[in-house]
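Data block below; observations after.
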Amino acid sequence: MVHLDLTTVWAFIIAFAVLMYVVMDGFDLGIGILFPFYRVGEERDQAMNAIAPVWDGNETWLVLGGGGLFAAFPLAYAVILPATYPLIIAMLLGLVFRGVAFEFRWRDPRHRAFWDMAFFGGSVVAALAQGITLGALLQGIHVEGRAYAGGWLDWLSPYSLMTGAGVVAGYALLGACWLAIKVEGDAQHRAFAQARLAAFATLMAMAAVSLATPFLAGQYFARWFQMPMLIALAPVPVATVTIAALLLRALKRRKEWPPFLYALALFGLGAVGLGVSMWPYVVPQSITIWQAAAPESSQVFMLVGVALVMPLILAYTGWAYWVFRGKVGEHGYH
């Protein structure tokens, strides 16, 4: 049973921020992952213009999620980061390369091929690092005396590599579905073809991770395969299969908006599954949200700030997407 205390509220706030980052920055990372498969020139220009007005705003949620974890659950932050330092560093460097490439590929035409590869490489590295971090967290972190007690490469395992590949495939699906909405002509045809391939890869990865995760720890297995939770959670896989079928049908019929919405629904269901598996641990098998929580006075102070800031973030994000709605055309929105 969920106790709606301040700590639980903060857990949901951070989970919401992370999910918003994944679904919003996920599609522009996905476009970077698919970038080399578009023709040099108009197709690549359309692909980049499809996210140019919003990509930096999407990353606001990463700051909110990471900053919220540090402020609300400092113990978890102090354990998770040392356990995943190589991955976090790789992710940040990947995001830096992407950000620089956005500007320099237009300003430095002589080296555009290099900046295109920087955009692609940064996107792949960032997505892979995020997925491997998720796998490392789920498989467990070695904690002794409220501190990380593992090694530099404890995060590296077949399971974490599988989750990393799954996130790359999922982001590629989101990116292809977004391009199918925003671009026209040959680029749109290519986006639909890529979306179908990415959909199959994503669904295979989701199935593999879903089958492997319950065997990582007794808590996961009991949560999903023992009564009465088995009956209570049955709608989650049923809904996932249903959404997957609707996604594939929409892609076959070459609908524009439905595939993207179905892909978002898949990510949402995946987040529900992860939340069910991990609850109430913020570091699985080691630290609960209550053990990791900041003092109540700090949580109240920060909650006031979040109550003021989060609606503003949602408002300007919605406004940006509204202003830059529609097809990008050959020359972007300018």
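The values are calculated or read from the model by the stated rules, or taken from the named source; none is laboratory data. All values reported here derive from a predicted model rather than from experimental measurement. Please note: Cβ atoms are built from the backbone with ideal geometry, for glycine as well, and neighbour counts cover all protein chains shown. To get the accessible areas, we keep the full protein, side chains included, count just its heavy atoms, and leave off ligands, DNA and RNA. Shrake-Rupley method; radii C 1.70, N 1.55, O 1.52, S 1.80 Å.
Would you check if Val300 is more than 20 Å from the chain's Cα centre (by Cα), open to solvent by 50 Å² or more (accessible area, probe 1.4 Å) and more than 21 Å from Ala176 (Cα to Cα)? Give the derivation first.
Details: more than 20 Å from the chain's Cα centre (by Cα): yes; open to solvent by 50 Å² or more (accessible area, probe 1.4 Å): yes; more than 21 Å from Ala176 (Cα to Cα): yes.
Considered against the rule, which asks whether it is more than 20 Å from the chain's Cα centre (by Cα), open to solvent by 50 Å² or more (accessible area, probe 1.4 Å) and more than 21 Å from Ala176 (Cα to Cα), Val300 comes out as yes.
Leu308: open to solvent by 50 Å² or more (accessible area, probe 1.4 Å) and either assigned to a helix (DSSP H, G or I) or touching a residue at least 60 places away in the same chain (Cβ under 8 Å) (or both), yes or no? Before the answer, list the steps.
Details: open to solvent by 50 Å² or more (accessible area, probe 1.4 Å): yes; either assigned to a helix (DSSP H, G or I) or touching a residue at least 60 places away in the same chain (Cβ under 8 Å) (or both): yes.
The answer is yes for Leu308.
Which residues, counting only those in the range 76-92, are of a type in the set (Gly, Ala, Ser) and surrounded by 20 or more Cβ atoms within 10 Å (Cβ to Cβ)? Write out each step before concluding.
As a first pass, look at the range 76-92 and keep what is of a type in the set (Gly, Ala, Ser): 76, 78, 83, 90.
Residues satisfying the conditions are Ala76, Ala83.
Of all the numbered requirements in (1) buried (at least 18 other Cβ atoms within 10 Å of the Cβ); (2) in contact with a Lys or Arg (Cβ under 9 Å, 6 or more places away or on another chain), Gly65 misses one, and that requirement is (2). Considering only residues in the range 1-28 that are in a helix (DSSP H, G or I) and surrounded by fewer than 16 Cβ atoms within 10 Å (Cβ to Cβ), the one that is nearest to the chain's Cα centre (by Cα) turns out to be Phe12.
Evaluate the range 115-127: report whether one residue or more is in contact with a strand residue (DSSP E or B) (Cβ under 9 Å, 6 or more places away or on another chain) and either more than 25 Å from Leu216 (Cβ to Cβ) or outside any loop (DSSP other than H, G, I, E, B) (or both).
Quick first cut of the range 115-127, residues in contact with a strand residue (DSSP E or B) (Cβ under 9 Å, 6 or more places away or on another chain) only: none.
No, the range 115-127 contains no residue that is in contact with a strand residue (DSSP E or B) (Cβ under 9 Å, 6 or more places away or on another chain) and either more than 25 Å from Leu216 (Cβ to Cβ) or outside any loop (DSSP other than H, G, I, E, B) (or both).
Does Ala180 satisfy the criteria of being crowded, with 20+ Cβ neighbours inside 10 Å, over 19 Å from Gly273 (Cα atoms) and among the small types (Gly, Ala, Ser)? Judged against the criteria, Ala180 is a match.
Yes/no per residue for (1) of a type in the set (A, V, I, L, M); (2) open to solvent by 10 Å² or more (accessible area, probe 1.4 Å); (3) assigned to a strand (DSSP E or B):
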| site | (1), (2), (3) |
| --- | --- |
| Gly94 | no, no, no |
| Trp152 | no, yes, no |
| Met162 | yes, yes, no |
| Val168 | yes, yes, no |
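Considering the range 97-125, the residues that are farther than 18 Å from Gly41 by Cβ and in contact with a Gly (Cβ under 7 Å, 6 or more places away or on another chain) include one that is most open to solvent (accessible area, probe 1.4 Å), namely Phe97.
With the requirement that a residue be part of a helix (DSSP H, G or I) and of a type outside the set (S, T, N, Q), what does the range 132-150 give you? So that I can check it myself, show each step before the final result.
From the range 132-150, those part of a helix (DSSP H, G or I) are 132-139; that's our starting set.
Selection gives Ile132, Leu134, Gly135, Ala136, Leu137, Leu138.
The helices (runs of 4 or more DSSP H) found wholly in the range 201-265 and carrying at least 2 residues that are surrounded by 15 or more Cβ atoms within 10 Å (Cβ to Cβ) and modelled with pLDDT of 95 or more occupy 235-252. In this entry, Ser157 is excluded by the filter for residues that are buried (at least 17 other Cβ atoms within 10 Å of the Cβ), modelled with pLDDT of 95 or more and out of contact with any Ser or Thr (no Cβ under 9 Å at 6 or more places or on another chain).
In this structure, is Ile31 within 15 Å of the chain's Cα centre (by Cα), within 30 Å of Pro109 (Cβ to Cβ) and open to solvent by less than 30 Å² (accessible area, probe 1.4 Å)? Yes: the conditions hold for Ile31.
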